[in-house]
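Q: Questions regarding the structure given below will be posed in turn.
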Amino acid sequence: MTISLRLNTADSELVKAYAEMNGISVSELLRRSVMERIEDEFDLKAYEEAMAEYRKNPVTYSLEEVIEELDLA
């Protein structure tokens with residue numbers, strides 16, 4: 001897939017300089033940045049869902065209880 005991105009000159013130079021400073025291409029910089037943003041949003045959504053579930057049933061377990069329950073001892 002090819003994606004085009006329009007930047008003004010100042011932004012373009014900043015992106016190029018940052019990519020060069022990190023020893024990667026502009027394409028790789030943008031790919032990593034987008035993927036990181038997507039992963040962060042997925043993580044936030046998972047956290048929010050887990051917290052909503054916890055608020056409905058605020059049960060916690062100690063490490064010892066988890067080890068015993070999973071028979072890891």
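The values are calculated or read from the model by the stated rules, or taken from the named source; none is laboratory data. Treat the numbers as computed from the prediction; the structure is a model and nothing was measured. Only protein heavy atoms, including side chains, enter the accessible area calculation; ligands, DNA and RNA are left aside. Shrake-Rupley method; radii C 1.70, N 1.55, O 1.52, S 1.80 Å.
Q: Based solely on its DSSP helices, what 222 nm [θ] is calculated for the chain when runs of n ≥ 4 H residues each add -39,500 (n - 2.57) and the sum is averaged over all residues, nearest 500 deg cm²/dmol?
A: Computed mean residue ellipticity for the chain: -23500 deg cm²/dmol.
Q: Using only Cα atoms and rounding to the nearest 10 degrees, what angle (0 to 90) does helix 26-56 make with the longest principal axis of the chain?
A: Roughly 20 degrees between the two axes.
Q: Shifting gears a bit: Just to compare against my own numbers: the Cα pair-distance distribution for the chain, 5 Å bins, whole % per bin, please.
A: Distribution as computed: 3, 12, 12, 13, 12, 9, 8, 7, 8, 10, 5, 2, 0 percent.
Q: Among Y18, Y47, Y61, which one shows the highest mean-square fluctuation when the chain is modelled as a Gaussian network with alpha-carbon springs under 10 Å?
A: Maximum among the listed residues: Y61.
Q: How would R55, R32 rank on accessible area, largest to smallest, probe 1.4 Å? Numbers along the way, then the final one.
A: Values: R55 160, R32 120 Å².
Output order, biggest surface exposure first: R55, R32.
Q: Roughly speaking, what is the stretch gain from D71 to S25, that is 0.36 nm per residue apart minus the C-alpha to C-alpha distance, in nm to one decimal? Before the final figure, lay out each step's value.
A: Values: separation 46, 0.36 × 46 = 16.56 nm, distance 4.85 nm.
That pair, D71 and S25, stretches by 11.7 nm at full extension.
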